[in-house]
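Notes for the one structure printed next.
Computed from the coordinates by the stated procedures, all read-outs in this text should not be read as laboratory data. Just so you know, these numbers come straight off a predicted model, no measurement behind them. So basically every Cβ, Gly included, is an ideal-geometry build from the backbone, and we count neighbours across all protein chains shown.
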Amino acid sequence: MVPNIEKLVDIITNSIDQKKKVLLAGCGTSGRLGFFCSRQFNRILTKFGLFGVFDYSLAGDDEAIFVSNEIVEDSPQMGSDDLIKES
């Protein structure tokens, strides 16, 4: 597990250095965590004068942050479509 975490740290560090986006995506709870983590990570980066590289993609769009929608959250195809829209 440690080598995988080290690779992730390298990818995120390079993204910060190159001002490239890191997308946290998910459906349901994982998508909501992606939303909250991306906001918090960006706050921390900007406190150090760095570019906030984190963004999120949540199945069901922003409405799903507060209102669950199982039809969207349980659809791999809708999740895939959302990711394609983000790119």
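Details
- Between the amide H of Tyr56 and those of Leu24, distances stay under 5 Å, these residues lying 5 or more places away or on another chain, with hydrogens modeled in the peptide plane.
- Calculated [θ] (222 nm, deg cm²/dmol) that DSSP helices of n ≥ 4 give over the chain, each run adding -39,500 (n - 2.57): -18500 deg cm²/dmol
- Degrees between helix 76-86 axis and first principal axis of the chain (Cα, 0 to 90, nearest 10): 50 degrees
- Chymotrypsin sites (Phe, Trp or Tyr not before Pro), loop per DSSP, at most 16 other Cβ atoms within 10 Å - longest free stretch of the chain: 1-47
- For segment 20-28, 3J(HN,Hα) per residue [Karplus equation, 6.51 cos²θ - 1.76 cosθ + 1.60, θ = phi - 60°, Hz, x = Gly/Pro]: 9, 6, 10, 9, 9, 10, x, 10, x
- Close amide H contacts of Gly28 (hydrogens built in the peptide plane, cut-off under 5 Å, sequence separation of 5 or more or a different chain): Ala59.
- Relative contact order (percent, whole number), the chain, Cα cutoff 8 Å, 6+ residue spacing: 28 percent
- Three-way shape label, the chain, alpha-carbon gyration tensor, a/c 1.5: prolate
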